[in-house]
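Below is one structure; the comments refer to it alone.
Since every read-out is calculated from the coordinates, none of them should be taken as a lab result. All of these numbers come straight from a predicted model, not from anything done at the bench. Methodologically, a virtual Cβ is constructed for each residue, glycine included, from the backbone with ideal geometry; neighbour enumeration extends over all protein chains shown.
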Amino acid sequence: MATVVVATGNPGKLTELKDYLQTLDWTLALKPQDLEVEETGKTFIENARMKASEVAIATQNWAIADDSGLSVMALGGAPGVYSARYGHSDADRINRVLRELGDEPDRRAEFVCAIALARPDGTIALETEGRCPGAILTAGQGVGGFGYDPIFYVRSQGKTFAEMTPTEKEKYSHRGIAFEQLLPALKQLEMDI
Ligand code: ITT
């Protein structure tokens, strides 16, 4: 059974990634804590590739990485790839988005999640991107999830990501959509190696 290192230092993401990956026959390992990958890419997919490749090479194992973030239309796509660096805490980051958006009537936004799987030599075996459209509320609602979840409202469900159960978020979120696309190929790969 092959080992795949889950290349993230974000505990919220880690919980979700483990949920998606546990249906597979891979042995999951955590990224060494002191291994930091600088995210210099201009796109989510570039950063996901970078994280997966560097962690795979450093650990000599398969590695899977997620680069994700929130893109707000009226803010020209910000915070985008800077989502994790938009403030010092989740509360700071949420407040900054709300402050910058002010009373702007156009609240459209989307969450994007790029996933890349690298082989032990750092080459990319699989990659994909999932998107979830939504709207930014004027104040947070709900206590589930992580990051920007309380202010991200999904119209088709009538609730924010933070008000969804983990199963609901798994179904509708950018990460859930990315994994739905990736799982058949991951299953195939698992049988081939
Ligand atoms: P790793 O790079 O170690 O995986 P990170 O937190 O730095 O962790 P990113 O660079 O991909 O990860 O930043 C993504 C940020 O976008 C994350 O810190 C959250 O603030 C936000 N984000 C991503 N997915 C989210 C989700 O499902 N719900 C809420 N916020 C999310």
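Taking 7 Å steps out from each Cα toward its Cβ at Thr3 and Arg155 produces label points 4.7 nm apart. Please compute the net charge surrounding Arg96, taking Lys and Arg as +1 and Asp and Glu as -1 over other residues with Cβ under 15 Å from its Cβ. Overall, the nearby charge balance is -1. Using a cutoff of 8 angstrom between alpha carbon atoms and counting only pairs six or more residues apart, the relative contact order for the range 123-165 works out to 33 percent. Within the shell defined by Cβ-Cβ distances under 10 Å, the residues around Pro133 carry a net charge of +2, with Lys and Arg each +1 and Asp and Glu each -1.
Filter the trypsin sites (Lys or Arg not before Pro) in the range 132-193 to those in DSSP coil with at most 14 other Cβ atoms within 10 Å of their Cβ, and list the result. Each step should come with its number before you reach the end.
Details: sites: Arg155, Lys159, Lys169, Lys171, Arg175, Lys187; in loops: Arg155.
Passing sites in the range 132-193 are Arg155.
Across the range 121-193, the relative contact order, built from alpha-carbon pairs under 8 Å that are at least six residues apart, equals 31 percent. Relative contact order for the chain: 19 percent, from Cα pairs under 8 Å spaced at least 6 residues apart, divided by residue count.
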